[in-house]
Amino acid sequence: MFQYVSVGLKENSTNKSLLIYPNPNNGLFEIKLDTETDNAKAVLFSALGQNVYEQKISDYTTLLNCSLLSKGIYSLYVFENEKHFITRKLIIE
């Protein structure tokens, strides 16, 4: 008998919509939220779980400049009022 265990990144979300594009790319990502926020931040983690980038999100559209990071797959966590509400994968080529 086999037992399957998930070890991947769950793409968590709430009723808020988040668009990230272009993805993949060279490190310049645009984030679009469907609602305005005044206390949100984007936090990027490496595959090793290291916090490698943080930026405040204060408008519907925000540019993330991650061009100095190494190529790879990163986990983007978006927090609002210190509560996690969306997770996405970013790929830097």
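The values are calculated or read from the model by the stated rules, or taken from the named source; none is laboratory data. Remember, it's a predicted structure, so these values are computed and weren't measured experimentally. Glycine gets a Cβ as well: all are built from the backbone with ideal geometry, and neighbour counts include every protein chain shown.
Side notes on the structure shown:
- Residue in segment 45-53 that is under 11 Å from the mean Cα position of the chain (by Cα) and aromatic (Phe, Trp, Tyr) present: yes
- Scan of segment 23-50 for residues that are in contact with a strand residue (DSSP E or B) (Cβ under 7 Å, 6 or more places away or on another chain), among the polar types (S, T, N, Q) and either farther than 18 Å from Ile91 by Cβ or surrounded by 17 or more Cβ atoms within 10 Å (Cβ to Cβ) (or both), ordered by number: Thr37, Asn39
- Residue within segment 71-87 that is part of a strand (DSSP E or B), touching a residue at least 40 places away in the same chain (Cβ under 8 Å) and surrounded by fewer than 16 Cβ atoms within 10 Å (Cβ to Cβ) present: yes
- Where a residue in segment 19-40 is at pLDDT below 90 and its partner, wherever it lies, is in a strand (DSSP E or B) and of a type in the set (Gly, Ala, Ser), with Cβ under 8 Å and at least six apart: Leu33/Ala40
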